[in-house]
Structure formats: C-alpha cells, structure tokens
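See below for the structure under consideration.
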Amino acid sequence: MRILGIETSCDETAAAIVEDGKDILAHTVASSKQLHEKTGGIIPEIAAREQVQCMIPVLEETLNQSPSFSWTSIDAIAITVGPGLIGSLLVGVETAKTIAGVLGKPLIPVNHVHAHIYAAFLHTKVSKNAFPAIALVVSGGHTELFRMEALGTLKWLGGTLDDAAGEAYDKTARMMGLGFGGGAAIAAEAAKFKAQGSKFKIKLPRPMMHKDSFDFSFSGLKTAVMREIKKLQDEKQWNEVAVQALAYEIQEAISDVLVAKTLNAAKKNKAVSIALGGGVAANARLREKLREAGGNLQLFFPDPALCTDNAVMIAAAAYYRGKNATVETIDARPALSVEAT
Ligand code: KG4
Ligand code: ZN
C-alpha cells in the first residue's frame, strides 16, 4: 500500500511517499527554523504563512523524487490533524482534503505524537515477538509513554505533568546563551566537555526519577539550571568550560530520568522491546544509556534524520493505525489528545 503523507503541525512543511509503512519512496522537509532563529522562538503566524508558500513546492519536490510516480499509484493520503498549531495544521489539512477529493482517494487522519513512534519501525522487519513494547515519545512538546501490544495498538501510560523533555533542553539552552538550537546545541557542548576531561562538576536534580509512576516533570530542572547559572555568575566562574559542564549535566539529568522511567514501564508491563521517537530521540547519550541499561530488551531507534518532524512517520503511522475518514469529517484539531486511540 502506497501512502502520501503530509505534515504541517509545527514549523515544518513535509511530504513523503511510503510503501507498506516501511519503504521510503520519497521524502521532503522544509523548515522555517532559520526564520525562527532570528525571533528566538516559533511565531505561529509566521510559521503558517511560510507553510502556505512551501506546501506546493514541497509536494512537487516529493513527487519528482519518485521517478515512476503517478497519482494513480497512490492508495491513500495521510494527514496530521493534531496536536499542533491551528494555522499550521490547517495548511496541511486543507491541502490533503483537496488532493483526496480531486483524486477520489481515502484520507487518513493521523495523531502527530503517535506518528513519532513509527519512525522507529522503518526499514526493519518487526516480528510479533517484539511485543509487548514500550514506546517513549520525547519531543519539544511531549514526553509520553505508551504500551504497544502490536504495531497498530497504542495505550497511553503517562506523560509529563509540566515541561516536555525537549522543552527543558530548549529553555535551558536559551538561558545558557546557546540560542534556538535546544537539545542539539546542548549535546554538542556536552560532547566538548567530555572530550576535554575537565574535573568541573555540577550536580542537578533528576525530577521524579524514583517515583513509581509513569509521570515526568522537568520544570524543576529549569529552575535548578537558572539557580546554577546565577551562582556561577556571582562567583565569576561563568565561562566556556562552565557552559560545557552545565550542558553535560543537563543531558545526563534528562537522559537518566527518561531511561529510568522507560525501563520501569518496561518492567511493569513485561515488555520485551522499547521504541523511541521524537526530536530528543536523536540524542546519542540517551541511546547509549538505553543500550547500557536495556539488558535483553530489543531497541528500536529511528534514523536521526527522522526523529524531528517529517511526513514519513505520518505515512507509516497511517499504514499501521489508519482508519479512513471522509473529507467532510476531517478537521484540524490543535488540542488532539495523546490518549486518543
Ligand atoms: O519532534 P520535534 O521535531 O518537534 C516536536 O514535535 O516537538 O522535536 C524537537 C525537539 C526540540 O525540543 C529539540 O531541542 C529536540 O527535539 N532535539 C534534541 C536533539 N535534536 C533535537 N534533543 C536532544 N538531543 C538532540 N540531539
Ligand atoms: Zn513532533
């Protein structure tokens, strides 16, 4: 089954053609990240305006990548309906409705957060023995744990009570003067710290790490980082090495919590595998820690390029979980719940 996926829930405009939920035939992502670097954050109106301009070129580019492409070879259109920014979602939803209407093809609504999980299952043969699995979605807006009985089923177990893991990276990166780069910028500073073997030590809390629940909380970490920066500034020690040391400890704290909670969920659910998804899943230290502590658990990690928002995951999720809908019943749903099945 060949699905054309479209994704516009945040600041990316993406399209992809995926065969049977695993083979990528074509894939394009355009981002307004550079524009938003100047403003230091996403301005919804600017993101949506960019998406209106990018949508058709992104579709054309995607279709051109697939030499044998013909509209009749597409079996369905998959579209992110939420959660996300209303203006951004509308651009994709209205485009997908138009294409599906003109071609007379089925339209499949997809939950963006659920879709992140399916980036981990591309290019691999997933046997029935890989279940039950625990899926952790860690992105800029979400930190959520799910139980999977099979590729097509998701049961929400818990999530963050305040900031998401990616949000913690983004906010602390900004406090440290690392700009809009967020997690990737912190990971780069942490790597420099490790490489130089400095003895500079900073200790941050691991919020809720030992609490026997599937909930997370990262807002306390942000406050602790703010306090640490102030202390180092007062002591005239806020320099390049201090930035690297703090970045290192932020990455350690966030990944320690994510690994501990995920392994606890795996234990409690008698899971035999773990799947990771979302922008923070690109973090090499998080993967390393899961490999070290995961024991016999099978690990499914997405290609780093498919951790952040893309349309491949939308087409893949539609293949495994898709329920056809009609053009009349599909709407942009900015507050779509992650608990929806
Ligand atoms: O999934 P995504 O593209 O957008 C949302 O749906 O939210 O994730 C973006 C998030 C940002 O918070 C960014 O800081 C984080 O992913 N991120 C990383 C890394 N690359 C991106 N976090 C940690 N380490 C990375 N290498
Ligand atoms: Zn996302």
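Which angle between 0 and 90 degrees, to the nearest 10, do you get for helix 165-175 versus the longest principal axis of the chain when only C-alpha atoms count? Compared with the principal axis, the helix lies near 50 degrees.
Helix 219-234 axis versus longest C-alpha principal axis of the chain: approximately 40°, rounded to the nearest ten. Derived from the Cα gyration tensor, the three semi-axes of the equivalent ellipsoid of the stretch 163-203 are 20, 11, 9 Å, largest first.
Angle of helix 44-65 to the longest C-alpha principal axis of the chain, folded into 0 to 90 degrees and rounded to 10: 60°.
Where q = 0.24 Å⁻¹, what log10 of I(q)/I(0) comes from the Debye formula for the stretch 249-341, counting one point per Cα? For the requested q values the scattering log ratios are -1.31.
Relative to its residue count, the stretch 5-152 spans a Cα convex hull of 115 Å³ per residue. Going from the fewest other Cβ atoms within 10 Å to the most, the residues SER68, SER273, SER88, SER219 appear in the order SER68, SER219, SER273, SER88.
As a quick test, which of the pairs LYS199/LYS222; LYS105/LYS155; LYS128/LYS211; LYS97/LYS125 have an alpha carbon distance above 26 angstrom in this structure? Exceeds cut-off: LYS105/LYS155; LYS128/LYS211; LYS97/LYS125. Compared with the rule-of-thumb size 2.2 N^0.38 Å for a compact globular protein, the stretch 128-201 has a Cα radius of gyration ratio of 1.48. Could you give log10 I(q)/I(0) at q = 0.08, 0.14 Å⁻¹ for the chain, computed by the Debye formula over C-alpha point scatterers of equal weight, without solvent? Each listed q maps to, in turn, -0.38, -1.10.
With only Cα atoms counted, the stretch 130-264 has Rg and Dmax values of 16.1, 55 Å.
Of the Cα atoms belonging to the stretch 81-171, the radius of gyration and Dmax stand at 15.9, 45 Å. Dividing the summed helix terms, -39500 (n - 2.57) for each DSSP H run of n ≥ 4, by the number of residues in the chain produces a 222 nm estimate of -14000 deg cm²/dmol to the nearest 500. Starting from the Cα of LYS192, draw a straight line to each of the aspartates and glutamates and keep only those under 18 Å, dropping any in the same chain fewer than 8 residues away. Counting by Cα, and skipping residues close in sequence, LYS192 has these aspartates and glutamates nearby: GLU240, GLU249, GLU252, GLU288. When both bridge partners sit in the chain, DSSP labels roughly 60% of those beta bridges antiparallel.
Each value in this text was obtained by applying a stated rule to the coordinates, not by laboratory testing. Since we're looking at a predicted model, the values are computed, not measured. So basically every Cβ, Gly included, is an ideal-geometry build from the backbone, and we count neighbours across all protein chains shown.
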